[in-house]
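To start, the structure under review is shown below, and the notes come after it.
No lab work stands behind these numbers, since they all come straight from the coordinates. Just so you know, these numbers come straight off a predicted model, no measurement behind them. Cβ atoms come from the backbone with ideal geometry, glycine included; neighbour counts cover every protein chain shown.
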Amino acid sequence: AQTVTQSQPEMSVQEAETVTLSCTYDTSESDYYLFWYKQPPSRQMILVIRQEAYKQQNATENRFSVNFQKAAKSFSLKISDSQLGDAAMYFCAYTRAGNQFYFGTGTSLTVIP
Amino acid sequence: DSGVTQTPKHLITATGQRVTLRCSPRSGDLSVYWYQQSLDQGLQFLIQYYNGEERAKGNILERFSAQQFPDLHSELNLSSLELGDSALYFCASSEGDGYNSPLHFGNGTRLTVT
């Protein structure tokens, strides 16, 4: 079965600094998708970024970028120029064709002013 | 706004009761997923429907059931409620069957069982 592991339950970062959240996953598939979702205190789930496994180029969305290491089955999220509004729980997720989404247990990010 | 609508936003009920949570997916999305998130917990996958058919089942209790109607809206029925069922229930939709299209989440229904 596919599993997604986020080994950092909590992280903190100074405002304007950069932070990296880790995610590893277990799969025997070669074609799949990976996502990062953000859940702020409002509890709404917001898509941050996605990565197709067949693409070697790392996805980027403004201040958010990923470091996708397929061989290592690693998918980390880098947040640059951290802002107070980035404080949230971040979930990593995996899915493949015809399958459900698997979510990690989340990393709680605190942004220190 | 994700385009996914969940009603009601809040629900307070007593143990042993039955409730129905409703979800309208984004326009054009065929898949609907239900997730449960207890306090300070991750997301527990309950069930997925694709174009009216059950596609995948997760850790859904026998007291819980769901369906997706011809207009693609979905309902999650929770019966014989227990205190431990108190949680935030998310509905999410996607264009396909969950492969190359991300999940778009509703704002959730917060269920409190007293």
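Can you go through B:68, B:44 and tell me which one is under 14 Å from the mean Cα position of the chain (by Cα) and buried (at least 20 other Cβ atoms within 10 Å of the Cβ)? Full working, then the answer.
Working: B:44 fails: buried (at least 20 other Cβ atoms within 10 Å of the Cβ).
Exactly one residue qualifies, and that residue is B:68.
Restricted to the range A:63-113, and to residues there that are part of a strand (DSSP E or B) and among the β-branched types (Val, Ile, Thr), the residue that is nearest to the other protein chains (Cβ to nearest Cβ) is A:95. Per the conditions (1) of a type in the set (D, E, K, R); (2) more than 10 Å from every other protein chain (Cβ to nearest Cβ); (3) surrounded by 15 or more Cβ atoms within 10 Å (Cβ to Cβ); (4) over 23 Å from residue B:110 (Cα atoms), the sole criterion not satisfied by residue A:38 is (4).
Rundown of residues vs (1) within 22 Å of residue A:106 (Cβ to Cβ); (2) away from chain A (no Cβ under 12 Å), yes/no style:
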{"residue": "B:6", "(1), (2)": "yes, no"}
{"residue": "B:37", "(1), (2)": "yes, no"}
{"residue": "B:51", "(1), (2)": "no, yes"}
{"residue": "B:55", "(1), (2)": "no, no"}
{"residue": "B:94", "(1), (2)": "yes, no"}
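Within the range A:54-64, the set of residues being surrounded by fewer than 18 Cβ atoms within 10 Å (Cβ to Cβ) and either in contact with a strand residue (DSSP E or B) (Cβ under 9 Å, 6 or more places away or on another chain) or of a type outside the set (Ser, Thr, Tyr) (or both) comprises A:55, A:56, A:57, A:58, A:60, A:61, A:62, A:63, A:64.
Applying the selection to the range B:85-100, what residues are in contact (Cβ under 8 Å) with a residue 24 or more places away in the chain and either of a type outside the set (A, V, I, L, M) or within 13 Å of residue B:61 (Cβ to Cβ) (or both)? Quick ask: steps written out before the conclusion?
Restricting attention to the range B:85-100, the residues satisfying the condition of being in contact (Cβ under 8 Å) with a residue 24 or more places away in the chain are B:85-98.
Scanning the range B:85-100 gives B:85, B:86, B:87, B:89, B:90, B:91, B:93, B:94, B:95, B:96, B:97, B:98.
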